[in-house]
Amino acid sequence: LNLDTTTGLDQYGPVTARVSGSSPNVASHSLNINVGTSDGVRPEMPVIDDDGLVGQVVVAAPNASKVRLISDPSFGVVGQVAATGVRGPVHAAVGNPDDLIMSELRRRDIVRPRQFVVTAGTISSDTQLLSPFPPGIVVGP
């Protein structure tokens, strides 16, 4: 696969943003931020705060962007348990978007509640396998 594991979060420059709007509908799982393409923001870029992964840019205009939140049932990211290296897809729990679940684990994989999960960030030279999430962004607990 020609994996490149040397690319990390420290190789990306941050863009500071403020939430400029959100839907009153709790089920929308999105918000708007006050930065866009004129600030270097592009669709699929990760959105993080001091606690970790918030979501992903889905639409970017010159001066604003729409972010799909990690609580959206359609959002998913490959996570890795920081302590053990166990990997699996992470997504919001059905019926409780405040809870995140790591699924598709093997029987021998041990994952305990409240363990820190970070983005796996696997990057390949195959453009079909590129991850928009650099490794090491906190996803949980």
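The values are calculated or read from the model by the stated rules, or taken from the named source; none is laboratory data. These figures come from a predicted structure and were not determined experimentally. Using ideal geometry, Cβ is built from the backbone for each residue, glycine included, and neighbour counts are taken over all protein chains shown. Heavy atoms of the whole protein, side chains included, go into the accessibility calculation; ligands, DNA and RNA do not. Shrake-Rupley method; radii C 1.70, N 1.55, O 1.52, S 1.80 Å.
A count restricted to segment 49-58 and to residues that are open to solvent by 40 Å² or more (accessible area, probe 1.4 Å) and farther than 19 Å from residue 130 by Cα stands at 3.
Listed by first and then second residue, the pairs with beta-carbon distance under 7 Å, at least 6 apart or on different chains, first residue in segment 49-61 and over 17 Å from residue 75 (Cα atoms), second part of a strand (DSSP E or B), are 51/138.
Does segment 63-74 contain at least one residue that is closer than 18 Å to residue 137 by Cα, of a type outside the set (A, V, I, L, M) and open to solvent by 70 Å² or more (accessible area, probe 1.4 Å)? Scanning segment 63-74, I find no residue that is closer than 18 Å to residue 137 by Cα, of a type outside the set (A, V, I, L, M) and open to solvent by 70 Å² or more (accessible area, probe 1.4 Å), so the answer is no.
Of all residues in segment 92-114, those satisfying the criterion of being under 15 Å from the mean Cα position of the chain (by Cα) and open to solvent by 60 Å² or more (accessible area, probe 1.4 Å) are 98, 99, 100, 101. In this structure, does residue 14 turn out to be at pLDDT below 90, open to solvent by 60 Å² or more (accessible area, probe 1.4 Å) and within 19 Å of the chain's Cα centre (by Cα)? Against the criterion (at pLDDT below 90, open to solvent by 60 Å² or more (accessible area, probe 1.4 Å) and within 19 Å of the chain's Cα centre (by Cα)), residue 14 qualifies.
Report, by residue number, each residue of segment 91-141 that is among the polar types (S, T, N, Q) and at pLDDT below 90.
First pass over segment 91-141, keeping only residues among the polar types (S, T, N, Q): 96, 103, 115, 119, 122, 124-125, 127-128, 131.
Answer for segment 91-141, where residues must be among the polar types (S, T, N, Q) and at pLDDT below 90: 96, 103, 115, 122, 124, 125, 127, 128, 131.
Within segment 78-90, the set of residues being touching a Ser or Thr at 6+ places or on another chain (Cβ under 7 Å) and either open to solvent by 10 Å² or more (accessible area, probe 1.4 Å) or modelled with pLDDT of 95 or more (or both) comprises 78, 89.
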